[in-house]
């Protein structure tokens with residue numbers, strides 16, 4: 001026998017509706033833009049009864065999306081990793097032509113290009129972006145000068161940047177000592193650039209080429225593709241989410 005109506009936290013509910021990632025949903029709540037049954041949500045701990053409570057964002061009723069979509073985008077330079085930009089700059093969401101409301105998983109800074117996932121699956125997005133789940137992100141950097149063997153080892157042990165000591169990572173040169181591959185399990189703001197800057201190098205070009213099991217491959221800059229059902233299953237396994245046999249790409 002079922003008891004009280006099941007509830008979910010408001011930030012998770014908004015992610016399930018494809019409004020925003022859980023983290024950005026918290027920003028919407030703090031800004032007073034979210035209402036439950038006509039009342040402005042007062043705290044991040046508020047809970048929702050799906051199918052019972054009426055949730056609005058900026059006056060528009062939102063409901064969970066049944067169809068879960070995951071897109072791989074090759075983000076070009078000059079595009080910001082947000083759904084909207086108050087300075088009028090092009091956003092990654094504008095590059096993907098799908099009917100679902102998608103939001104980016106994590107972020108790449110405006111000068112960095114490469115692999116970026118967008119989805120309306122809040123649980124998957126949360127786990128992919130959270131460092132606790134240890135999803136690997138692979139970056140290829142071009143430096144202003146060759147990196148020394150000592151600095152390459154230093155990079156792997158961890159580097160002190162403005163937000164603290166970075167975690168150990170994997171790093172290797174790619175034939176040319178100016179070209180370095182860095183594999184991270186975390187994602188501090190502009191981390192790769194700051195790590196190299198702390199060692200006295202400037203990053204001339206930076207591209208993310210893989211997120212967990214998903215590789216950028218030959219996808220051209222500015223182009224996107226839907227992930228296959230098997231790729232979505234691989235992502236879910238990567239972060240410990242249940243894999244449903246009926247899951248498909250879209």
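The values are calculated or read from the model by the stated rules, or taken from the named source; none is laboratory data. Nothing here was measured: the structure is a model prediction, and the numbers come from that model. Cβ atoms come from the backbone with ideal geometry, glycine included; neighbour counts cover every protein chain shown.
Note on the stretch 207-222: residues that are within 17 Å of the chain's Cα centre (by Cα) and on the phi < 0 side of the Ramachandran plot amount to 9. Within the stretch 213-234, the set of residues being buried (at least 19 other Cβ atoms within 10 Å of the Cβ) and modelled with pLDDT under 95 comprises 227, 232.
For the stretch 129-162, the set of residues classified as in contact with a helix residue (DSSP H, G or I) (Cβ under 7 Å, 6 or more places away or on another chain), in a helix (DSSP H, G or I) and either buried (at least 19 other Cβ atoms within 10 Å of the Cβ) or free of Cβ contacts under 8 Å to residues at least 40 places away in the same chain (or both) consists of 155 only.
Taking the options 86, 53, name whichever one is assigned by TED's automatic domain parsing to the domain that holds residue 220, more than 30 Å from residue 234 (Cβ to Cβ) and part of a loop (DSSP other than H, G, I, E, B).
Going through 86, 53 in turn, just one is assigned by TED's automatic domain parsing to the domain that holds residue 220, more than 30 Å from residue 234 (Cβ to Cβ) and part of a loop (DSSP other than H, G, I, E, B): 86.
Every condition in (1) within 21 Å of residue 186 (Cβ to Cβ); (2) outside any loop (DSSP other than H, G, I, E, B); (3) in contact (Cβ under 8 Å) with a residue 24 or more places away in the chain holds for residue 106 except the one numbered (2). Taken as a whole, the structure leaves residue 117 outside the set of residues that are modelled with pLDDT of 90 or more, surrounded by fewer than 20 Cβ atoms within 10 Å (Cβ to Cβ), closer than 24 Å to residue 228 by Cβ and in contact with a strand residue (DSSP E or B) (Cβ under 9 Å, 6 or more places away or on another chain).
Residues in the stretch 58-78 that are touching a helix residue (DSSP H, G or I) at 6+ places or on another chain (Cβ under 6 Å) and more than 16 Å from residue 209 (Cα to Cα): 64, 70. Only residues that are loosely packed, with under 15 Cβ neighbours inside 10 Å and over 16 Å from residue 22 (Cα atoms) were counted across the stretch 32-48, and they come to 5.
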